[in-house]
Structures are given as C-alpha cells and as structure tokens.
Amino acid sequence: MLVDSTSSAIAGAMDNLNRRLRQLDEEIKLDQEGQAEYENFLRRLNARKDELKARVARNQAWNDHVTKELGPFLDKYAVLCKDIEQLYGRAKEKHAQGIQLLVDQFNYHESYKRWFDTFTGIPYKPA
C-alpha cells in the first residue's frame, strides 16, 4: 500500500511536470515566434533607415550642385530685380507727370468724367 501511494504520488508529480513542460515548450515557441517577428520588423526598419540615408545623401549632393551652379544666376536675378525696380519707379513718375499734364491742359479729372469733358480716358495709377 505504501508502494502504491508512493508510486501514485510520483506518477501525479510526473504528470504535473510533463504538463508544465508542455506549457513551457508552448511559451518558448511563442517567444521564438515573437522574437522572429521582432527581428523581421527591425530588419525592415534598418533597411528603411539605410534607404533614407542614401536618399538624404543624394538630395544633399543635388542641393550642393544646384547651389554651386545657380549661384551666378541668382546674383544676376537680384541685380535685374533692382534694375526693374528703378525702371518701374521712373515709369510711375512719368505716368504721374502725364496725368498731371492731362489735368492741366485738358481739365481731366481722375475720379470721374464730367458731362462737359471732351477727353476720354480710364483713370489708372500704377502701384
């Protein structure tokens, strides 16, 4: 009877240990799958990082090239803008003088046309 009791206890302990071992094996398998998934994700992130670094390098090289090549054109554009600003300023002055000539010589009124005016024109003042 003592042997039966001991063997039953040992068999129960073995069953518990086997069940626990299967449970641990399942957990290990799930952990390995999770680790593989994590490593795959990390590998994709590293590939994306390398791709972005290469893209940044290409864009920086393009920017350096464009800056070097367009520098003289940008300087010339700035000079042209200043020249145009001066020319437009003179054109506005001449336009104002022309309007004043119309007012003095032909009784032109900028704001409205009077019924007795013989001059026809559209008021315009450059900005």
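Just so it is clear, none of the values below were taken in a lab; they were calculated from the coordinates. Note that this is a predicted model, so its numbers are computed, not measured. Note: ideal-geometry Cβ built from the backbone for every residue, glycine included; neighbour counts use all protein chains shown.
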(request) Mind putting a number on the dipole of the range 1-78 about its Cα centre? Charges go on the C-beta only, +1 for Lys and Arg and -1 for Asp and Glu, and I need it in Debye to the nearest 20. (result) 560 debye
(request) Name the long-range amide H neighbours of TYR108: under 5 Å, sequence gap of 5 or more, or other chain; modelled H, no Pro or chain starts. (result) VAL103
